[in-house]
1. Mind checking which lysines have their Cα closer than 18 Å to the Cα of Lys88? Skip sequence neighbours fewer than 8 apart in that chain.
2. Considering only the chain, what is the antiparallel percent among its DSSP beta bridges, to the nearest 5?
3. What residue among Ile85, Ile138, Ile58 has the largest mean-square fluctuation in a Gaussian network model of the chain, using Cα springs under 10 Å?
4. Test of understanding: ordering Cys79, Cys133 by Cβ neighbours within 10 Å, fewest first, what list do you get?
5. Counting other beta carbons within 10 Å of each Cβ, put Val119, Val23, Val151 in order, fewest first.
6. Helix-derived [θ] at 222 nm for the chain: sum -39500 (n - 2.57) over DSSP H runs of at least 4, divide by residue count, nearest 500?
7. What residue among Lys114, Lys51, Lys75 has the largest mean-square fluctuation in a Gaussian network model of the chain, using Cα springs under 10 Å?
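Taken together, the values in this text are just the output of simple stated rules run on the coordinates, not laboratory data. The shown structure was predicted, so the numbers you read here are calculated from the model rather than taken from an experiment. Reconstructed Cβ throughout: ideal geometry from the backbone, glycine too, with neighbour counts over all protein chains shown.
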Amino acid sequence: MITLKRLKLEDIEYFSKWWRDPVLRKLTSGVLKPISDQEIKKYFQEMLANKTEYHFLILLNQKKAIGHIAFRGRKDKSCETQIIIGEKKYWGKGYGTKAIKLGLGEISKHNYKKVYLEVRPENLRAIKAYKNCGFRPIGLKRYPKNKFLPVVLKMSLGPKSEDI
């Protein structure tokens with residue numbers, strides 16, 4: 001059973017592990033250089049302090065932390081989401097799909113007009129999970145100045161949009 005728990009300071013231990021995993025970094029940010037303890041602490045504290053973001057730890061059987069899901073509210077009443085199953089032995093088992101659905105329920109009270117995400121086009125496992133949650137591809141977006149993540153597939157849950 002999958003549950004979500006609001007992120008707390010003591011949860012940094014999971015992020016220290018996941019953010020140091022080169023396979024996970026390649027799938028997410030694409031940055032392959034190692035990350036220091038100071039960088040992890042700074043970024044984690046910024047996540048907790050941000051009042052327009054909602055961060056949840058993904059728990060299996062209410063105790064085993066297996067991932068993280070975030071929702072970032074935007075001024076235009078849209079919301080960007082990101083998810084990572086940090087424990088690789090739980091990949092491909094449907095836990096990400098369940099976590100996304102739970103997370104969408106958690107943020108539904110905020111009345112976002114649309115929820116969107118960006119994913120690496122080659123991350124077929126994630127794309128399948130997003131489609132299972134109702135997201136649809138809306139096009140590729142290029143980031144020419146980002147050598148780690150030059151192209152992403154944008155997907156949207158809300159009404160159709162020319163550009164998110």
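1. Partners found: Lys17, Lys26, Lys63, Lys64, Lys98, Lys128.
2. Working: 30 of 33 bridges.
Given both bridge residues lie in the chain, the antiparallel proportion sits at roughly 90 percent.
3. Ile138
4. Numbers: Cys79 25, Cys133 21.
Ascending Cβ contact count within 10 Å gives the list Cys133, Cys79.
5. Values: Val119 22, Val23 8, Val151 14.
Ranking Val119, Val23, Val151 by Cβ neighbours within 10 Å, fewest first, gives Val23, Val151, Val119.
6. On the way: 5 runs with 49 residues, N = 164.
Per the formula, -8500 deg cm²/dmol.
7. The residue that fluctuates most here is Lys75.
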